[in-house]
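J.: Right, I'll just put the structure down here and ask away after.
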Amino acid sequence: MADARKIPSPVVTTETQPFWNAAREGRFVVPTCTACGRAHWYPRAVCPFCAEGKIEWRDAAGKGAIYTFSIMRRAKEPYTIAYVTLAEGPTMLTNIVDCDFDDLAIGQPVAVVFKETESGPPVPMFRPA
């Protein structure tokens, strides 16, 4: 279990500002198209499914399942990078934390947890649920 590594601050853009504002409040949100109703990840101003520009940020369950992962054991401070498929449908690149990395499995349920960064907003990561 490794969790002591320093997490660099994310780059906040106009398109991602609402996400980071919610993260500062401890809320996990995903962009959702109001035209077709589908959530997507990575944040963008135009829906990747229907090409409409009617995007709003909706509170998400903060739950998902590990799609795939890799343990970075050769790093100075080992960590696990993973794709997590969210309950809302999109799959996001993230880290798995607060666990024994050897106990992780594809398909394992996970829940969001926010981790502090060096000087910016906290970032969402996931731990086994």
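J.: Report whether or not Ile71 is in contact (Cβ under 8 Å) with a residue 24 or more places away in the chain, surrounded by 15 or more Cβ atoms within 10 Å (Cβ to Cβ) and touching a helix residue (DSSP H, G or I) at 6+ places or on another chain (Cβ under 8 Å). First the steps, then the outcome.
T.: Values: in contact (Cβ under 8 Å) with a residue 24 or more places away in the chain: yes; surrounded by 15 or more Cβ atoms within 10 Å (Cβ to Cβ): yes; touching a helix residue (DSSP H, G or I) at 6+ places or on another chain (Cβ under 8 Å): yes.
Against the criterion (in contact (Cβ under 8 Å) with a residue 24 or more places away in the chain, surrounded by 15 or more Cβ atoms within 10 Å (Cβ to Cβ) and touching a helix residue (DSSP H, G or I) at 6+ places or on another chain (Cβ under 8 Å)), Ile71 qualifies.
J.: If Cys36 satisfies all but one of (1) assigned to a loop (DSSP other than H, G, I, E, B); (2) closer than 23 Å to Ala129 by Cβ; (3) more than 12 Å from the chain's Cα centre (by Cα), what's the number of the condition it fails?
T.: Of the numbered conditions (1) assigned to a loop (DSSP other than H, G, I, E, B); (2) closer than 23 Å to Ala129 by Cβ; (3) more than 12 Å from the chain's Cα centre (by Cα), the odd one out for Cys36 is (2).
J.: Of everything in segment 37-78, what is of a type in the set (Ser, Thr, Tyr) and modelled with pLDDT of 95 or more? Give them in sequence order.
T.: Start the filter on segment 37-78 by keeping residues that are of a type in the set (Ser, Thr, Tyr), which leaves 42, 67-68, 70.
Scanning segment 37-78 gives Tyr67, Thr68, Ser70.
J.: Now for a separate question. Condition first: surrounded by 17 or more Cβ atoms within 10 Å (Cβ to Cβ), assigned to a strand (DSSP E or B) and of a type outside the set (S, T, N, Q). Now tell me which residues in segment 93-112 satisfy that.
T.: Residues satisfying the conditions are Ile96, Val110, Val112.
J.: Any residue at all in segment 68-78 that is within 23 Å of Trp20 (Cα to Cα) and in contact with a strand residue (DSSP E or B) (Cβ under 8 Å, 6 or more places away or on another chain)? Don't jump to the end; show me each part of the working.
T.: Of segment 68-78, the ones within 23 Å of Trp20 (Cα to Cα) are none.
So far as segment 68-78 goes, no, none of its residues is within 23 Å of Trp20 (Cα to Cα) and in contact with a strand residue (DSSP E or B) (Cβ under 8 Å, 6 or more places away or on another chain).
J.: Could you tell me which numbered condition Trp41 fails, if it satisfies all but one of (1) of a type in the set (Phe, Trp, Tyr); (2) in contact with a Pro (Cβ under 6 Å, 6 or more places away or on another chain); (3) not in a loop (DSSP other than H, G, I, E, B)?
T.: Failing condition for Trp41: (3).
J.: While we're on this one: For segment 60-89, which residues satisfy the criterion of being touching a Pro at 6+ places or on another chain (Cβ under 9 Å) and either over 24 Å from Arg27 (Cα atoms) or assigned to a loop (DSSP other than H, G, I, E, B) (or both)?
T.: First, the residues of segment 60-89 that are touching a Pro at 6+ places or on another chain (Cβ under 9 Å): 62-66, 71-72.
Gly62, Ile71, Met72 - these are the residues of segment 60-89 that are touching a Pro at 6+ places or on another chain (Cβ under 9 Å) and either over 24 Å from Arg27 (Cα atoms) or assigned to a loop (DSSP other than H, G, I, E, B) (or both).
J.: Could you list, ordered by first residue, the pairs with Cβ atoms under 9 Å in which the first is in segment 90-105 and within 23 Å of Ala60 (Cα to Cα) and the second is in a loop (DSSP other than H, G, I, E, B) and of a type in the set (Ser, Thr, Tyr), at least 6 apart or interchain?
T.: Pro90/Tyr42; Met92/Tyr42; Leu93/Tyr42
J.: Since Asp98 meets every condition but one in (1) of a type in the set (Asp, Glu); (2) in contact with a strand residue (DSSP E or B) (Cβ under 8 Å, 6 or more places away or on another chain); (3) on the phi < 0 side of the Ramachandran plot, which condition does it not meet?
T.: (3)
J.: Then there is this: Out of the residues in segment 116-129 that are of a type outside the set (S, T, N, Q), surrounded by 15 or more Cβ atoms within 10 Å (Cβ to Cβ) and under 17 Å from Trp20 (Cβ atoms), state the one that is modelled with the lowest pLDDT.
T.: Gly120
The values are calculated or read from the model by the stated rules, or taken from the named source; none is laboratory data. As the structure is a prediction and not an experimental result, all values here were calculated from the model. Heads up, the Cβs are rebuilt from the backbone with ideal geometry, glycines too, and the neighbour counts pull from every protein chain shown.
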